[in-house]
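A.B. asks: Below is the structure I would like to discuss, written out as structure tokens.
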Amino acid sequence: MAECLDLPVVTQAATLDELAFNIREAIGLHLKGEDPSELGFSNDPTILATMELDAVA
């Protein structure tokens with residue numbers, strides 16, 4: 001699962017690559033038509049993702 005901390009955007013995926021793609025796409029759709037710099041957002045944001053893994057023991 002990935003969640004944008006500054007916008008109401010949440011997504012999920014089976015792999016980290018898919019998750020990165022999904023969150024970027026979801027944020028892009030949320031901000032469609034907006035200038036992120038006018039909203040105070042960085043042009044090169046950091047993405048933080050949390051992954052839950054199955055127990056190994």
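A.B. asks: Determine, yes or no, whether residue 27 is surrounded by 10 or more Cβ atoms within 10 Å (Cβ to Cβ), part of a loop (DSSP other than H, G, I, E, B) and not charged (D, E, K, R). Working first, answer last.
C.D. replies: Working: surrounded by 10 or more Cβ atoms within 10 Å (Cβ to Cβ): yes; part of a loop (DSSP other than H, G, I, E, B): no; not charged (D, E, K, R): yes.
In short, no.
A.B. asks: Considering every residue within segment 13-20, establish whether at least one is surrounded by 12 or more Cβ atoms within 10 Å (Cβ to Cβ) and part of a loop (DSSP other than H, G, I, E, B).
C.D. replies: Step one: filter segment 13-20 for residues surrounded by 12 or more Cβ atoms within 10 Å (Cβ to Cβ), giving 13, 18-20.
Subsequent filtering for residues that are part of a loop (DSSP other than H, G, I, E, B) retains 13.
Yes, the conditions are met somewhere in segment 13-20.
A.B. asks: May I pose another question? If I filter segment 37-57 down to residues being under 11 Å from residue 3 (Cα atoms) and of a type outside the set (S, T, N, Q), which single residue comes out as surrounded by the most Cβ atoms within 10 Å (Cβ to Cβ)? Reasoning before the result, please.
C.D. replies: In the first step, residues of segment 37-57 are kept if they are under 11 Å from residue 3 (Cα atoms); the result is 47-50.
Next cut, of a type outside the set (S, T, N, Q) only: 47-49.
Values: 47: 11, 48: 10, 49: 14.
Looking at residues that are under 11 Å from residue 3 (Cα atoms) and of a type outside the set (S, T, N, Q), I get 49.
A.B. asks: Please specify each residue of segment 14-23 satisfying the condition of being closer than 14 Å to residue 47 by Cβ and either modelled with pLDDT under 90 or β-branched (Val, Ile, Thr) (or both). Working first, answer last.
C.D. replies: Going residue by residue through segment 14-23, those that are closer than 14 Å to residue 47 by Cβ are 16-23.
Selection gives 16, 19, 20, 23.
A.B. asks: Just checking, how many residues over segment 46-56 are of a type outside the set (Val, Ile, Thr) and at pLDDT below 75?
C.D. replies: Of the residues in segment 46-56, the ones of a type outside the set (Val, Ile, Thr) are 48-49, 51-55.
Checking the rest, the ones that are also at pLDDT below 75 come to 48-49, 51.
Residues that pass the stated criteria total 3.
A.B. asks: Since residue 34 meets every condition but one in (1) assigned to a loop (DSSP other than H, G, I, E, B); (2) surrounded by fewer than 10 Cβ atoms within 10 Å (Cβ to Cβ); (3) modelled with pLDDT of 85 or more; (4) of a type outside the set (A, V, I, L, M, F, W, C), which condition does it not meet?
C.D. replies: All conditions are met except number (2).
The values are calculated or read from the model by the stated rules, or taken from the named source; none is laboratory data. Everything numeric in this text was worked out from a predicted model, so none of it was measured. Quick reminder, even Gly has a Cβ in these numbers, built from the backbone with ideal geometry, and neighbours come from all protein chains shown.
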